[in-house]
Amino acid sequence: MNVPQPSLSPATPDLGSRVLYMVLFAVVFWLLCWTLAVTAIVQLVLRLLNGRPNPDLTRFGASLARYARQVIEFLTFVTETTPFPFATWPVEG
């Protein structure tokens, strides 16, 4: 298992602004979980009706997973890089 190592940027922001960003991204993560739940339910219904998953929802789910990883890594101090909207949306890769 590949565990990311903490990476500190050259200019580490002060803890006060970090706490504000963490509160913001905790709320974002809460919304992300609800979005994931709705996406999974819609994908399940579409799979039951069509016999196959929707490719657009599959791509959206993968993108959402990459974003969730960025948010989690920021909240757990793995990285100092703030996720979207302060950075670009994570791309496939």
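Equivalent-ellipsoid semi-axes for the range 15-75 (Cα gyration tensor, √(5λ), whole Å, largest first): 31, 10, 5.
Normalised by the number of residues in the chain, the average gap of Cα pairs under 8 Å and 6 or more apart makes the relative contact order 36 percent. The sum of -39500 (n - 2.57) across all DSSP H runs of n ≥ 4, divided by the residue count of the chain, sets its helix-only mean residue ellipticity at 222 nm to -22000 deg cm²/dmol.
Karplus-derived 3J(HN,Hα) values for the range 36-43, using 6.51 cos²θ - 1.76 cosθ + 1.60 with θ = phi - 60°, are 4, 4, 5, 4, 5, 5, 4, 4 Hz; glycine and proline are entered as x.
Read the figures in this text as sums done on the coordinates, not as results from a lab. From a predicted model like this one, the values you see are computed outputs, not experimental measurements.
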